[in-house]
Structure formats: structure tokens, C-alpha cells
Amino acid sequence: MPAAPDFPPPPDRVVPGRALISLSDKSGLEVAARALHDLGVELVSTGGTRAAIAGFGLPVKDVADLTGFPEMMDGRVKTLHPVVHGGLLGVRDAPTHAQAMAEHGIGPIDLVWIDLYPFEATVASGGGFEAAVENIDIGGPAMIRSSAKNHGYVTVCVDKAGLDETLAALKADGATSLELRKRLAARAFARTAAYDAAVSGWFAAQVGDEAPARKTIAGSLAQTLRYGENPHQTGAFYRTGETRPGVAHAEQVQGKELGYNNIADADAAYELVAEFAAPACVIVKHANPCGVAVGRNLSEAYARALECDSVSAFGGVIAVNRPLNGADARAITDIFTEVVIAPGADEEARAVFAAKKNLRLLITDGLPDPQEVGEVFRSVAGGFLVQSRDRSLVRPEDLKIVTRRQPTPQEIEDMLFAFTVAKHVKSNAIVYAKDGQTAGIGAGQMNRRDSARIAAIRAREAGEAKGLAHSLAEGSACASEAFFPFADGLLEAVAAGATSVIQPGGSIRDEEVIAAADEKGIAMAFTGTRVFRH
């Protein structure tokens, strides 16, 4: 490991004399360039940025004027030169550095504003392989890293926000402080790390490497949170480069600031509601759905979802897959709800929600595609797990009927609905459903029998709340997200009123479970697909 040179301490105040600017997005460039010019800062730039600054009527030097070399190789080589990097990396107060700068005619560069080639945007817009490669910035990250390393003397800005902070400091004091330069340097290294992560992740996908030797997750801060899952934990919310519709890119129309648990629950609810083609409503509490239903419209879907477990629904998160109208909003606001997330809301709906000041209303640009390829992550001590998004889709033709009794068309529809919901319930999961409505949900138990019992309790209570003489699970389909290891769970489902069962199959006791189903006269289908969610 190289020893740190015995450099003199950097100054607190640095008055910039020269700024190097290179931007792909030139929004705000004129105002900033004029401000720097008015502060007496010499402007140096390249290519289109230099032309833009000159077009504003401001004096600007081309980098080629400093290096003595023209821009070449289609712009690939212009700033990779000792005069540029010496001007960025030179420790001004170190005698040997100062001597080298003087001997080689290297002038200091005190301020850098660079935003990098739009690689992420090129990939997001569907640009081809060659277009993406050409938008991999080489000189920009090198200059940013050089500037950040030498933050004792150089102020580095990788976004307009950083430049605005710098201009505010210069206008107030005529100089940048060491504390500001350190903060901006940290932000700069984070930006180049995220950029490299985007490039490496994309390249691994291009060559079909599903588990590259090194993997980096990068995100940009969306908001700091009041706390994490609990008040004694800190929390923050970051956006990745993925543009999937959902809570990360939703517009918060009203309500209190979102919390850690609100965001997690809203994501779970929206991912599930997107699975359905008909108007649908999902109510989530503590990351698990407590009621799911489809209907002729959202108001009906909400009423049916609420019937499943109105107790748990209090203070929950509601997701719908259609834009909300006034009638929908009035129905939803009948009980206390933390968050509502939808792909739209008309003016009447917004007015209704506005009366509930603490309710957070999130509007998204469309629905997530359940079939879209993607990755999900989970942290563990000392590392993280990565897996592909669960894109499983079970269709009628995928079912293997393993019992003597064949299911009716309605039972097949109920089974598929229940299995879709079970895919989004924490394991062990049991779901009873009938006519596009969950009747009872048992989630997160250590054994499947107890999940079946809990779901049965919910269904019985739901029937009582509706004034029925029987459980809401009477005549329902029962879905299990993994196989029944014993017949006991299936027998609990039958006792609850289920007449059909859908499960992956694959247990060494499958024949025992099938025999129990035949004995009880119910229909059972195997999917061959397990949908665990831990």
C-alpha cells in the first residue's frame, strides 16, 4: 500500500480561477456560466458545451487550447491529457507538484462541472449495443475522480444541485470551503460508482452472465425517512435505474411523508393488483394482502376486498389497477387508510381524498408488467441475495388434475385467482377464494396446517360480518403456494369449506394427499410451480 505523501494541509477557502465544464444535459448552463464569468472564473470546455457557452456571448477556452492537441477519434480523446489531469490532481501547496506544474505549463483547474454521457438514458430508451457502448463516458469519470481525489483544492460538481451549492458559496464568500468540497467529492465518487454499476450490469446482461463475479447495486436518494421499520432505526429511500411503474416513481398528490413501511406495503400491493385484467383492489397490511377482489368497477372490487378481513384492513394500504373516480374515493375513505396507490385519479376523486389530510395518495404512470424481466434483492449479514423477479404465470392448460373428480370451470377460475394471490403472500401461505374474491388468507406461518386454520378463521369471521350463516370459504378454492407435505393442511381446507385445491405438488407424500382429496370428493390440481415468498 503506497504511503501517503507528507502534503501540507489543504486550505479551508479556495477561490476558483478556472472552471472546466462538460455537459450532456445543458439545462441551466447559461445562467451558471454567466454567474461563474461574473465571479471572474475562466471557463474551459469541450465540443457542444464549449459551443453553447460561446453562443451565450461568453469567453470560453477549448480544452485543446490547453493541451495543444485537437479533439480526435470521434471525441473519444480530448481530455485524457497530463495538462488536464495535472491541473486537477496537482497539490498546489506541495513544492514538487508546484514545480512540475510550472515546468510543464500546467495551470490549475479549480472547479469541475461534468454530468457524463447519458448511458443510462440510452439503455432505457432501447438504444442498441453500439449506441450504448458509444455512450460509455471515459474522460468524464476520469476527470470527476481526479477532482474528487484532490478535493483539498478542487470543487467537483456532478449535477446542477452541486453547482448551485457552489455558486451560493461563491456569491456569499467568494470561495468554497473544505467542508463543501468534501461533501461534493463524496457525491462525485457515488456518481461514478453508480455509473460504473449501470455499465457493468448492462454489459453482463449483454453477454448472458446471470451471476457476474462482481455485482453492484446503485441508487439515487429519493428521500430520507423519519425512521426505518421502527423509530429507533434510521431509514432512506433510493431509486435505481429501473423505470418500472410503482411507488418509486409515483407522484405523491397529498398526505404525510411516506414512511419505510408505507413504501414497502405500497410496493407489495401494487405488484399484486397488476396481476389482474379486471378492475381489482388489493388491501395490504404489514406486507401481506388481507383482502383481494375483482369487480365490475373499483368501488365493487374494494367492497369485496374489504369483506375478506375488515379488521386487518384498518390502517392498511390500498392498490387499484384502474384510475379512481369520486365514487371510488368515497368508498375507500369510509375507513382509515394509510396509503392509496393507483394509475390515476380524476379531480372529483382528488377532492374527496383531500378531505383526509393524512392519507397519502400516490398516482403512477401505468401498472408494472408481471411478466417483465428484472431482479430483486435482499440483504444478509455481509452480503446480499439476488434473484430474478417471479414472472410465473399459471394458466388453465398448465394444470394437472390429479383427483378423480374434475374441477368445474368456475372452480378452475377460482383456483387460478387464489394461486395468483398466494404468489404474493408470505410463506407459508394458504388462500381461500371464490368468484374473484379472497375469502380467507393465512400468511407467514411455520407450518402449512396453521396457515390453513388461520385462513379458515378469517373466512368464518368474514361470513359472520356479512350476516351469512356459513363461512365465506364455503365452496371456495384453496391455494397453497408450496406443496402440502402432509394431508392435514388439505383436510383443514376441506373443513373450512373448500371444494377444490390448487398446489404445486412434488411432495414425497403426494399420493397420500391425493387419496385424502379423493376421499373427501374434492378436485385438486397441481401447477408444477412453487411460489414461495419469504
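The values are calculated or read from the model by the stated rules, or taken from the named source; none is laboratory data. As the structure is a computational prediction, the values presented were derived from the model and not from experiment. So basically every Cβ, Gly included, is an ideal-geometry build from the backbone, and we count neighbours across all protein chains shown. In case anyone asks, the SASA skips ligands and DNA or RNA and just uses the protein heavy atoms, side chains included. Shrake-Rupley method; radii C 1.70, N 1.55, O 1.52, S 1.80 Å.
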Exercise. Please work out if residue 53 is part of a loop (DSSP other than H, G, I, E, B), open to solvent by less than 50 Å² (accessible area, probe 1.4 Å) and at pLDDT 85 or above.
Key: no
Quiz item: Which of the residues spanning the range 398-420 are surrounded by 17 or more Cβ atoms within 10 Å (Cβ to Cβ) and acidic (Asp, Glu)?
Solution: 411, 413, 414
Quiz item: Can residue 184 be described as open to solvent by less than 10 Å² (accessible area, probe 1.4 Å) and at positive phi?
Solution: no
Exercise. Could you list all residues from the range 136-153 that are hydrophobic (A, V, I, L, M, F, W, C) and within 27 Å of the chain's Cα centre (by Cα)?
Key: 136, 144
Practice problem: Among the candidates 293, 248, 274, single out the residue that is open to solvent by 10 Å² or more (accessible area, probe 1.4 Å) and over 21 Å from residue 350 (Cα atoms). | Solution: 274
Quiz item: Which members of the range 501-514 meet the condition of being surrounded by 19 or more Cβ atoms within 10 Å (Cβ to Cβ) and either more than 21 Å from residue 404 (Cβ to Cβ) or not hydrophobic (A, V, I, L, M, F, W, C) (or both)?
Solution: 503, 504, 505
Practice problem: For residues that are aliphatic (A, V, I, L, M) and over 23 Å from residue 117 (Cα atoms), tally how many sit in the range 37-66. | Solution: 3
Exercise. Run down 260, 227 and say which single residue is open to solvent by 50 Å² or more (accessible area, probe 1.4 Å), out of contact with any Asp or Glu (no Cβ under 9 Å at 6 or more places or on another chain) and over 28 Å from residue 145 (Cβ atoms).
Key: 227
Quiz item: Which residue, of 493, 517, 498, is farther than 27 Å from residue 312 by Cβ, open to solvent by less than 10 Å² (accessible area, probe 1.4 Å) and over 36 Å from the mean Cα position of the chain (by Cα)?
Solution: 517
Exercise. Report whether or not residue 334 is in contact (Cβ under 8 Å) with a residue 40 or more places away in the chain, surrounded by fewer than 16 Cβ atoms within 10 Å (Cβ to Cβ) and assigned to a loop (DSSP other than H, G, I, E, B).
Key: no
Practice problem: Tell me the helices (runs of 4 or more DSSP H) entirely within the range 74-135 that contain at least 3 residues that are surrounded by 14 or more Cβ atoms within 10 Å (Cβ to Cβ) and touching a His at 6+ places or on another chain (Cβ under 9 Å). | Solution: 82-89
Quiz item: Just to be sure, is residue 387 under 26 Å from residue 511 (Cα atoms), open to solvent by 20 Å² or more (accessible area, probe 1.4 Å) and among the polar types (S, T, N, Q)?
Solution: no
Exercise. Kindly check whether there is at least one residue in the range 292-301 that is β-branched (Val, Ile, Thr) and in a strand (DSSP E or B).
Key: yes
Quiz item: Does any residue in the range 462-478 that is in a strand (DSSP E or B) come within less than 8 Å, Cβ to Cβ, of a residue that is open to solvent by 10 Å² or more (accessible area, probe 1.4 Å) and of a type in the set (D, E, K, R) six or more places away or on a different chain, and which pairs are these?
Solution: 477/411; 477/434
Quiz prompt | the range 437-448, subset buried (at least 21 other Cβ atoms within 10 Å of the Cβ) and not hydrophobic (A, V, I, L, M, F, W, C), residue modelled with the lowest pLDDT | solution = 448
Exercise. Kindly list the number of the only condition in (1) loosely packed, with under 12 Cβ neighbours inside 10 Å; (2) out of contact with any helix residue (DSSP H, G or I) (no Cβ under 9 Å at 6 or more places or on another chain); (3) of a type in the set (Lys, Arg) that fails for residue 395.
Key: (2)
Quiz prompt | In the range 212-224, residue most open to solvent (accessible area, probe 1.4 Å) [restricted to those that are in contact (Cβ under 8 Å) with a residue 12 or more places away in the chain and assigned to a loop (DSSP other than H, G, I, E, B)] | solution = 214
Quiz item: Do we find a residue being surrounded by fewer than 23 Cβ atoms within 10 Å (Cβ to Cβ) and β-branched (Val, Ile, Thr) anywhere in the range 359-370?
Solution: yes
Quiz item: Which ranges mark the strands (runs of 3 or more DSSP E) fully within the range 348-461 that have 1 or more residues being closer than 28 Å to residue 331 by Cα and within 30 Å of the chain's Cα centre (by Cα)?
Solution: 360-363, 430-434, 437-442
Quiz prompt | Residue list for the range 340-388, filter: among the acidic types (Asp, Glu) and either in contact with a His (Cβ under 8 Å, 6 or more places away or on another chain) or without any contact (Cβ under 8 Å) to a residue 24 or more places away in the chain (or both) | solution = 346, 347, 348, 365, 375
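Per-residue answers, yes or no, for (1) surrounded by fewer than 21 Cβ atoms within 10 Å (Cβ to Cβ); (2) of a type in the set (Gly, Ala, Ser); (3) on the phi < 0 side of the Ramachandran plot:
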residue: 283; (1), (2), (3): no, no, yes
residue: 301; (1), (2), (3): no, yes, yes
residue: 308; (1), (2), (3): no, no, yes
residue: 312; (1), (2), (3): yes, yes, yes
residue: 321; (1), (2), (3): no, no, yes
Quiz item: Consider residue 203 against the criteria (1) under 30 Å from residue 422 (Cβ atoms); (2) open to solvent by 70 Å² or more (accessible area, probe 1.4 Å); (3) in a helix (DSSP H, G or I): it satisfies all of them except one. Which criterion is unmet?
Solution: (1)
